[in-house]
1. Sort 33-43, 57-67 by the packing proxy (mean of other Cβ within 10 Å over each peptide's residues), most packed first.
2. Run through all the Cα pairs of the chain and give the fraction in each 5 Å bin from 0, expressed as whole percent.
3. Taking the 0 to 90 degree range and rounding to the nearest ten, how far is the long axis of helix 12-42 tilted relative to the main principal axis of the chain, both from C-alpha atoms?
4. What accessible area per residue, rounded to a whole number of Å², is obtained for the chain using a probe radius of 1.4 Å?
5. How large, in percent, is the carbon and sulfur part of the accessible surface of the chain at a probe radius of 1.4 Å?
6. If one takes the longest principal axis of the Cα atoms in the chain, at what angle in degrees, from 0 to 90 and to the nearest 10, does the Cα axis of helix 47-71 lie?
7. Can you show me the helix-derived [θ] at 222 nm for the chain, built from DSSP H runs with n ≥ 4 at -39,500 (n - 2.57) apiece and divided by the number of residues, rounded to the nearest 500.
8. What FRET efficiency would be calculated for the residue pair VAL37, SER68, taking the C-beta separation as r and a Förster radius of 25 Å, to the nearest 0.05?
Amino acid sequence: MTTNADAPRQDRGDRKLRTAVLLLGLVMGLMITGAAVYVARVHPSLAGPLGVGAAVLGALAGATAMASRLVR
């Protein structure tokens, strides 16, 4: 089997960096969610605004995902 020297190869370092960034984003998201749940339990009057904020953030994330797929 012959190999083509001109064919682009995937860089393993790029994959490791991408995985590290995704894991860091996941950890940060879980920490923010945990903090929001804690604040909502300690201060029940803030549960409504936190819920609205979470809904808006979810809608923005969905819109960003759709826009990135359309651009691709």
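The values are calculated or read from the model by the stated rules, or taken from the named source; none is laboratory data. Model, not experiment: these values are computed from the prediction. Cβ: placed from backbone, ideal geometry, glycine included. Neighbour counts: every protein chain shown. The protein model used for the area step is the full one, side chains on, heavy atoms only, and it has no ligands, DNA or RNA in it. Shrake-Rupley method; radii C 1.70, N 1.55, O 1.52, S 1.80 Å.
1. Working: 33-43: 11.6, 57-67: 10.1.
Highest mean packing first, the order is 33-43, 57-67.
2. Taking all Cα pairs of the chain, the binned fractions are 3, 12, 11, 15, 16, 12, 10, 7, 5, 4, 3, 2, 1, 0 percent.
3. 10
4. On the way: 6840 Å² over 72 residues.
Solvent-accessible surface per residue comes out at 95 Å².
5. On the way: 4680 of 6840 Å².
It is 68 percent, rounded to a whole number.
6. Helix 47-71 sits roughly 20 degrees off the main axis of the chain.
7. Details: 2 runs with 56 residues, N = 72.
Calculated from helices alone, the mean residue ellipticity at 222 nm is -28000 deg cm²/dmol.
8. On the way: r = 28 Å, r/R0 = 1.14.
Efficiency computed from Cβ-Cβ geometry: 0.30.
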